[in-house]
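J.: Mind having a look at this structure? Questions to follow.
The values are calculated or read from the model by the stated rules, or taken from the named source; none is laboratory data. As the structure is a computational prediction, the values presented were derived from the model and not from experiment. As a convention, Cβ positions derive from the backbone with ideal geometry for all residues, glycine included, and neighbour counts pool all protein chains shown. With ligands, DNA and RNA removed, areas are computed over all heavy atoms of the protein, side chains included. Shrake-Rupley method; radii C 1.70, N 1.55, O 1.52, S 1.80 Å.
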Amino acid sequence: MLRKKLFFRPAFVPALLVLLSLALGGQSFEGIKKQVKTHVLPNGMKLIVLERHDVPVVSFHVYADVGSANESYGITGISHILEHMAFKGTTTVGTKDFAAESKVLEELDDVYAQMKREESKAAPDQAKVAELKAKFQDLEKKAKDYVVNNEYFDMMMRQGDAGVNAYTSSDATQYINYLPSNRLEFWMAMTSDRFLNPVFREFYKERDVIMEERRLGVETQPTGKLMEDFMAVAFKAHPYHHEVIGHMSDLQSIRRQDVADYFKKFYGPSNLTVAVVGDVKADEAFPLADLYFSRIPSGPKPEPVRTKEPEQWGERRVTVSAKSQPFLFLGYHIPDAKSKDNPALEALANIVGRGRSSRLYQNLVKDKKIAIQASCMSGFPGDKFPNLIVFIAVSAQGKTSAECQAAIEEEIEKIKKESVTEEELTKFKRSTIKGLLGQMKSNTQMAAMLAYADVVLGGYEKVFDQIADYRAITAEDVKRVANQYLVKTNRTIGEIIPEK
Amino acid sequence: MRKRKTIKTSIAGLCLLAFITGAAYAQKAPKDKFVFGPLNPIKMPKVERAELPNGIKLFLVEDPEYPTIDLWAMVKAGSVFEPADKAGLASLTGSVLRTGGTQSKTGDQIDKELETLAATVETGIGQTAGNIRVSVLKEDLDKALAILADILTNPAFREDKLNLAKIQQKTMISRRNDDIGSITDREFSGLMYGKDSPYARQTEYATIDAITRQDLVDFYGAYFHPNNTYMAVWGDFKSGDMIAKLKAALGPWKKGKPSTLPWPKVNYEFRSTVNYVEKPDVNQSNIMLGHIGGLMNNPDLPALNIMNQILSFERMFKRIRTDEGLAYSVRGDYGASYIYPGVFSCGAQTKSQSTVYAIDIMLQELKKITEQEVSDEELEKAKDGYLNSYVFNFESKSQIVNRLMSLAYFGYPLDFTEKQKAGVEKVTKADVLRVARKYIQPGKVQILVVGKKEDFDKPLSSLGQVNVIDIAIPAPKK
């Protein structure tokens, strides 16, 4: 139940470019693509299966096409809350007596609502608030008596689940399991139940856990604070504006009903894609999916996010004062992952900012010795929507972010004038191929890639098919995108200013 | 004990429908009870072992699925062998070995050459081992091995790259109090091993300044010999060919004095202490408490592993996180390491206002696990989880060959993993209580809190006399 971004980056997806021609030991990439099988259930849920019979294990990846970018004011952080709640069980898992439990849960919500209503009055009746609070705590204890603590986790771990977890990002919520492969049907039963009969129990305590998670990741971390404010300034309208974890006041106010409504809206089968990679047979997995997941009633695909980030009118700047050494972010708006400019932007980010021979490392770290880290990445904080290419510098002792910024700008100007070299482009192509090969070896990462490509890029085949676009990148393309996007009026500067 | 729970489906209608239509697939209805068929057998890859004439001990696994080759070698060395007044020497030696280039090529030339190939050749020295890592597309193997051999036989340790590495080290010193988590880990380690112990000491501006290029040359010369090296290689090759290639490429790396590695002793005195680090700018305390742990070769390790699972998940996680909502990350386990005692510790991060309350719960749970037997259900769950996930120890060929190489490096039997499994199968409730009593001393733990004391629920002095740790960074000499 970590809150983090996908562990693979779209930067590696383009990696396939030269791979098609590259003969693999046992098979070609076209060959792997042909082995991928898909099945769409009548209710709209899609399954993607890649059989791999080397080791008797299987990786499951449920990709819910909903993330913090689907949230609006008042419910920031709810995608992530829902992710946590999905571990709280169902009408049969996690409870001793659901019928009795559900009555107490409703009562509890009712008392909570009364308490909040009273507290929000101009002159709250403190005695009444105290009385409701006592009642609330009492009911919470009563509800707890029906709970089987962490039964979902217990059941999965007991069957040997080595990867039970979930992740929420700006773009998606993803649930993973990694089981011995004779547990295929068990997974189908447990997971379909999770989406068919969820019960959001222990809700108020879990909100407290998430508030601790926010303190841990944002409020006690200078770089966490900077990240939150940086996104808030770079995106004034689009919901990439807010952090996945959400605002503290929203975490304190979101109700159980909000989560139920959100689930209803975004967790229909048409919004779910499941990738299965490992020692299973597709012709066994598909009928089982029919049997278990077809029980989930179909519903309409949710409406896409309406708000688009408008054109930026001038350079923006944000600072965080903290007991910390300096830290610098420079972010420029770029289009989404499906844009035709995306491959060239990936190449740009890689050549400028990844590895010891990258331009930033060479200039800032090795030559000028003003930074100990200088890098660049695109797809920030997600890439389903227009996002940012971000330059990051960690200044060396006694050096400043201003010096780092000047050196980064110097490198950007060089690319805008002279572009990158053929040698650098080759390096980019080869290193991305190699990175992809490394990822494909892992069942878990392969499942994640297939699901991501299917949902965000419009088809799992895109993992393989976009090779042609990437093969075609030229130095001229990189120069063009640098000139188009890396302009001052399109950028946001974020800095940690050390507090004495 | 509660009856084993299974999924109970309530959609009777669906079951019926499936029966009537008679699906082609054998199964007609969702199940609510599961009996698992046998798992397909784990196909153990063949691990080829060999020793090169210069003494490198090889572990090879053929993995032809993807056209890549990877190598990881461990060399008998470690920061625990560096002089205290030159803390940082091992780390600088390990990194400048690679960045400082060779007699014929600068490190920058090597960077460019490797990155153009999408290959990596990296070196480093950690606490208890030197490390060499190579990763390359199959077709570039010869080029990468040539670079590796050149680095190992002709390292130049160029002064400019030593200076660069020193800047990086000093910058890290200047930034070491920025993150509350790293302050907590560092200071707790100091409490466990002693802040001047080779297992916990810190680099300082003065220790980095004291290091010279000659120190690097000498440290490298003392430890980095082929006959001190264990090497795992996996990927798309034939073992015979690989041995021949390594023999040819690394042949010029000449034997040296074998390292005896007298690992420094850990002298731990069990005691209760309460320690505090002031971090006035946070709203959440970082808590760790515990005492010294043990070694992995302890015959009680299987029982300790089961106890750990129960203590950290069944007890700490379920109570502190789920029941109380006090923390996101909660842990508690008895740490065992290969060659020096690990640490037994519990940790959590909780809002300042629940600091002492959370510590109290941790202490209660420690006491409880040493006083009462765990339940049948707790034991069964922990054992089932361990045994059913055992297959993941063999998930990839790289994992298998790397584990064997590490076991050999630390002088452990190569069937260590299999033995652990056999041990876990036999663990009883009485074993869990016995090891908890033997290895955990709830009355003698050292408590560390990093946070803002003004906001705590109760003063830390309610737990004992408070020792305030000063984390101010000693200023660099002008």
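J.: Projected onto the charge dipole of the protein assembly as shown (+1 at Lys/Arg Cβ, -1 at Asp/Glu Cβ, origin at the Cα centre), which of A:I81, B:L433, B:G55 gives the Cα projection farthest towards the positive end?
T.: Among A:I81, B:L433, B:G55, the one farthest towards the positive end of the dipole of the protein assembly as shown is B:G55.
J.: As a test of the definition: with a 1.4 Å probe, what buried accessible area, both sides summed, do you compute for A against B, in Å² to the nearest 100? If you can, show how the numbers build up before the last one.
T.: Working: alone 21630 and 24030 Å², together 37630 Å².
By this definition, chains A and B bury close to 8000 Å².
J.: If Rh is defined by the Kirkwood formula over all Cα pairs and Rg also comes from Cα, what ratio Rg/Rh do you get for region B:273-468? Each step should come with its number before you reach the end.
T.: On the way: Rg = 18.3 Å, Rh = 18.0 Å.
On the Cα set of region B:273-468, Rg over Rh gives 1.02.
J.: From the Cα gyration tensor of the protein assembly as shown, with a ≥ b ≥ c the square roots of its eigenvalues, which class applies: rounded if a/c is under 1.5, or else prolate if a/b is larger than b/c, or else oblate?
T.: Values: a/c = 1.27, a/b = 1.20, b/c = 1.06.
Rounded, because the longest to shortest axis ratio a/c is under 1.5.
J.: Give me the inter-chain shielding for A:137-150: mean count of other chain Cβ atoms within 10 Å, whole number please. Before the final figure, lay out the partial values.
T.: Numbers: counts 0, 0, 0, 0, 0, 0, 0, 2, 0, 0, 2, 2, 6, 7.
For peptide A:137-150, the averaged partner shielding equals 1.
J.: Something else about it: Given a cut-off of under 8 Å on Cα pairs at least six residues apart, what relative contact order in percent is computed for chain A?
T.: Numbers: 914 pairs, mean separation 127.8, N = 500.
The normalised contact order for chain A reaches 26 percent.
J.: Moving on. Let me know the mean shielding of B:321-332 by other chains, meaning the per-residue number of their Cβ atoms within 10 Å of its Cβ. Don't jump to the answer; show the numbers that get you there.
T.: Working: counts 7, 11, 6, 3, 10, 4, 6, 14, 5, 2, 0, 0.
For peptide B:321-332, the averaged partner shielding equals 6.
J.: Name the residues of region B:30-66, by number, that are at least 30 Å² less accessible with every protein chain in place than in the isolated chain; the surface is that of heavy atoms, probe 1.4 Å, without ligands or nucleic acids.
T.: Relative to the lone chain, where solvent access is computed with a 1.4 Å probe, region B:30-66 loses at least 30 Å² at B:P30, B:F34, B:F36, B:L39, B:N40, B:K43, B:E65, B:Y66.
J.: Anything losing 20 Å² or more of accessible area from the isolated chain to the full protein assembly: pick those residues out of region B:110-134, probe 1.4 Å, ligands and DNA/RNA ignored.
T.: Residues of region B:110-134 that lose at least 20 Å² of accessible area once the other chains are added: B:D111, B:K112, B:E115, B:T116, B:A118, B:E122.
J.: Compute the relative contact order of chain B as a whole-number percentage, counting only Cα pairs closer than 8 Å that sit 6 or more residues apart in sequence.
T.: Values: 830 pairs, mean separation 93.6, N = 478.
Relative contact order comes out at 20 percent.
J.: Next question, about the same structure. With 31 Å as the limit, write out which pairs from A:K128/A:K264; A:K88/B:K368; A:K384/B:K43; A:K434/B:K57; A:K37/A:K434 have Cα-Cα distances beyond it, or answer none.
T.: On the way: A:K128/A:K264 34 Å; A:K88/B:K368 26 Å; A:K384/B:K43 40 Å; A:K434/B:K57 28 Å; A:K37/A:K434 25 Å.
Pairs exceeding 31 Å: A:K128/A:K264; A:K384/B:K43.
J.: Shielding of B:444-452 by partners, i.e. mean partner chain Cβ atoms within 10 Å per residue?
T.: Details: counts 0, 0, 0, 0, 0, 0, 1, 1, 0.
That average works out to 0.
J.: Restricting to the protein assembly as shown, what percent of DSSP beta bridges are antiparallel, rounded to 5?
T.: Antiparallel bridges make up about 75 percent of those DSSP assigns within the protein assembly as shown.
J.: Further question on the same structure: Could you order peptides A:272-282, B:223-233, A:197-207 by the average number of other Cβ atoms within 10 Å of their residues, highest first?
T.: On the way: A:272-282: 24.6, B:223-233: 23.1, A:197-207: 21.1.
Descending mean neighbour count gives A:272-282, B:223-233, A:197-207.
J.: Protein chains only, probe 1.4 Å: how do A:Y485, A:Y332 rank by accessible area, largest first?
T.: Details: A:Y485 30, A:Y332 5 Å².
Ranked from most to least accessible, the order is A:Y485, A:Y332.
J.: Which value in deg cm²/dmol, rounded to the nearest 500, describes the helix-derived mean residue ellipticity at 222 nm for chain A, given -39,500 (n - 2.57) per DSSP H run of n ≥ 4 and division by the residue count? Could the numbers behind the result be given before it?
T.: Numbers: 18 runs with 210 residues, N = 500.
After summing the helix terms and dividing by residue count, I get -13000 deg cm²/dmol.
J.: Longer than 25 Å from Cα to Cα, which of A:K323/A:K414; A:K225/B:K279; A:K46/A:K338; A:K135/B:K279 are they? Say none if no pair is.
T.: A:K323/A:K414; A:K135/B:K279
J.: Run the accessible area of the protein assembly as shown with a 1.4 Å probe and give the carbon-and-sulfur part as a rounded percent. Display every interim value, and only then the final one.
T.: Numbers: 20010 of 37630 Å².
About 53 percent, which is the carbon plus sulfur part of the accessible surface.
J.: Considering only protein heavy atoms, what per residue accessible area in square angstrom results for region B:273-468 with a 1.4 angstrom probe?
T.: Values: 6960 Å² over 196 residues.
With all protein chains present, region B:273-468 gives 36 Å² per residue.
J.: Past the 25 Å Cα-Cα mark, which pairs from B:K105/B:K238; B:K86/B:K257; A:K500/B:K170? Before the final figure, lay out each step's value.
T.: Details: B:K105/B:K238 31 Å; B:K86/B:K257 23 Å; A:K500/B:K170 19 Å.
The pairs that break the limit, which is 25 Å between Cα atoms, are B:K105/B:K238.
J.: Please report the accessible area of A:D336 (heavy atoms, 1.4 Å probe, ligands and nucleic acids excluded) in Å², nearest 10.
T.: About 40 Å², rounded to the nearest 10.
J.: Does chain A come out rounded, prolate or oblate, given a ≥ b ≥ c as the square roots of the eigenvalues of its C-alpha gyration tensor, rounded meaning a/c under 1.5 and, failing that, prolate meaning a/b above b/c?
T.: Working: a/c = 2.25, a/b = 1.25, b/c = 1.80.
Here chain A falls in the oblate category.
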